[in-house]
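The values are calculated or read from the model by the stated rules, or taken from the named source; none is laboratory data. Since this is a predicted model, take the numbers as computed values, not measurements. Because the Cβ atoms are built from the backbone with ideal geometry, glycine has one as well, and the counts that use them run over all protein chains shown. These area figures cover heavy atoms from the full protein model, side chains too; ligands, DNA and RNA do not enter into them. Shrake-Rupley method; radii C 1.70, N 1.55, O 1.52, S 1.80 Å.
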Amino acid sequence: MKLLLTSGGVTNDSIRAALVDMLGKPIAECRALFVPTAQWGQPACSPETVWMSAADRWEGEAGLTGLGWKSVGLLELTALPTIEKSRWVSWVREADVLLVDGGEATYLRHWMRESGLAELLPTLTETVWVGVSAGSMVMTPRIGSEFVDWTSGDGSDETLGIVDFCIFPHLDYPGWSENTLESARRWATRMPLPAYAIDDQTAISVVDGVVEVISEGHWERLNA
């Protein structure tokens, strides 16, 4: 897959341009699937926040579904084990982009594996994955205990390991006192790999193994 790993979504022109480049055609010609699953594992989320994200109703914030897609569908991973695989696999293969919302990364990891989506990913060579927060972190090997909020899980901070670096999202987010650069540097000392601390104006693209930071904000590479 082609990965666009963001903290806050497609929040500026630079990230949008990178997305269009990955798609290889205008957004208006692309079919999208929105994946809200990670929200159900995050105690701060609710049915209202899931709806607001899917409907692009967050006032003053950039949304994934309202970028001007040709079509947008909702793919709920917790439902996939209950329906025929041939149905949902065709939905995924026909999509140009998967828009994967934030929430709880280990919960998302669990349902990506349970649903079969994780197994399918290596075959989606031209599909673009746009992650927000947990939707980005799930592609890394680990997230750190600070970001594990799914109390029904096994407590592990391991995620899918599709990329070989870790992500500390929402750097310097207003009102979040634990998301400082100092906190990110402490977190990085417990990560076994290179890591990136990124704010909501920053994204990391991964195409054919090449990693590039796209930013109109603040970021730092850690454990270089």
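The set of residues in the stretch 65-81 being in a loop (DSSP other than H, G, I, E, B) and open to solvent by less than 30 Å² (accessible area, probe 1.4 Å) consists of Thr65, Leu67, Trp69, Leu75. Residues in the stretch 28-47 that are farther than 15 Å from Thr78 by Cα and open to solvent by 30 Å² or more (accessible area, probe 1.4 Å): Ala28, Glu29, Arg31, Pro43, Ala44, Cys45, Ser46.
If you check Val211, Val206, which single one turns out to be assigned to a strand (DSSP E or B), in contact with a Lys or Arg (Cβ under 8 Å, 6 or more places away or on another chain) and modelled with pLDDT of 95 or more? Talk me through it step by step, then tell me what you get.
Numbers: Val211 fails: in contact with a Lys or Arg (Cβ under 8 Å, 6 or more places away or on another chain).
Every option except Val206 fails the conditions.
Within the stretch 140-160, the set of residues being crowded, with 17+ Cβ neighbours inside 10 Å and part of a loop (DSSP other than H, G, I, E, B) comprises Thr140, Pro141, Ile143, Gly144, Val148, Asp149, Trp150, Asp157, Thr159, Leu160. Scanning the stretch 215-224 for residues that are open to solvent by 20 Å² or more (accessible area, probe 1.4 Å) and not basic (Lys, Arg) yields Ser215, Glu216, Gly217, His218, Trp219, Glu220, Asn223, Ala224.
For (1) among the acidic types (Asp, Glu); (2) within 16 Å of the chain's Cα centre (by Cα); (3) at pLDDT below 95, each residue gets a yes or a no:
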residue	(1), (2), (3)
Ser145	no, no, yes
Ser156	no, no, yes
Ile162	no, yes, no
Asp172	yes, no, yes
Trp176	no, no, yes
Met191	no, no, yes
Thr202	no, yes, no
Leu222	no, no, no
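The condition of being more than 19 Å from the chain's Cα centre (by Cα) and either in a loop (DSSP other than H, G, I, E, B) or closer than 20 Å to Asp13 by Cβ (or both) does not hold for Trp187.
Take Glu59 and decide whether it is of a type in the set (Asp, Glu) and under 30 Å from Val148 (Cα atoms).
On the way: of a type in the set (Asp, Glu): yes; under 30 Å from Val148 (Cα atoms): yes.
So Glu59 passes the test.
With respect to Val163, determine if the residue is surrounded by fewer than 21 Cβ atoms within 10 Å (Cβ to Cβ), in contact with an Asp or Glu (Cβ under 7 Å, 6 or more places away or on another chain) and hydrophobic (A, V, I, L, M, F, W, C). So that I can check it myself, show each step before the final result.
Values: surrounded by fewer than 21 Cβ atoms within 10 Å (Cβ to Cβ): yes; in contact with an Asp or Glu (Cβ under 7 Å, 6 or more places away or on another chain): no; hydrophobic (A, V, I, L, M, F, W, C): yes.
No, not satisfied.
When the residues of the stretch 1-49 are narrowed to those that are part of a loop (DSSP other than H, G, I, E, B) and in contact with a Ser or Thr (Cβ under 7 Å, 6 or more places away or on another chain), which ends up nearest to Gly131 (Cα to Cα)? Walk me through how you get there before you give the answer.
Kept after step one, since they are part of a loop (DSSP other than H, G, I, E, B), are these residues of the stretch 1-49: 1, 7-12, 24-26, 30, 36, 42-46.
From what's left, in contact with a Ser or Thr (Cβ under 7 Å, 6 or more places away or on another chain): 1, 7, 36.
On the way: Met1: 12, Ser7: 8, Pro36: 11 Å.
The extreme case among them is Ser7.
Out of all the residues in the stretch 50-64, which are in contact with a helix residue (DSSP H, G or I) (Cβ under 6 Å, 6 or more places away or on another chain) and open to solvent by less than 50 Å² (accessible area, probe 1.4 Å)? Reasoning before the result, please.
In the first step, residues of the stretch 50-64 are kept if they are in contact with a helix residue (DSSP H, G or I) (Cβ under 6 Å, 6 or more places away or on another chain); the result is 50, 58.
The answer is Val50, and nothing else.
Which of the residues that make up the stretch 82-129 are in a loop (DSSP other than H, G, I, E, B), surrounded by fewer than 23 Cβ atoms within 10 Å (Cβ to Cβ) and out of contact with any strand residue (DSSP E or B) (no Cβ under 9 Å at 6 or more places or on another chain)?
In the first step, residues of the stretch 82-129 are kept if they are in a loop (DSSP other than H, G, I, E, B); the result is 83-84, 95-96, 101-104, 116, 124-127.
Subset that is surrounded by fewer than 23 Cβ atoms within 10 Å (Cβ to Cβ): 83-84, 95-96, 116, 124-127.
Ile83, Glu84, Gly116, listed by residue number.
Name the residue, out of Ala184, Ala195, that is modelled with pLDDT of 95 or more, more than 21 Å from Trp129 (Cβ to Cβ), touching a strand residue (DSSP E or B) at 6+ places or on another chain (Cβ under 9 Å) and open to solvent by less than 30 Å² (accessible area, probe 1.4 Å).
Values: Ala195 fails: more than 21 Å from Trp129 (Cβ to Cβ).
Going through Ala184, Ala195 in turn, just one is modelled with pLDDT of 95 or more, more than 21 Å from Trp129 (Cβ to Cβ), touching a strand residue (DSSP E or B) at 6+ places or on another chain (Cβ under 9 Å) and open to solvent by less than 30 Å² (accessible area, probe 1.4 Å): Ala184.
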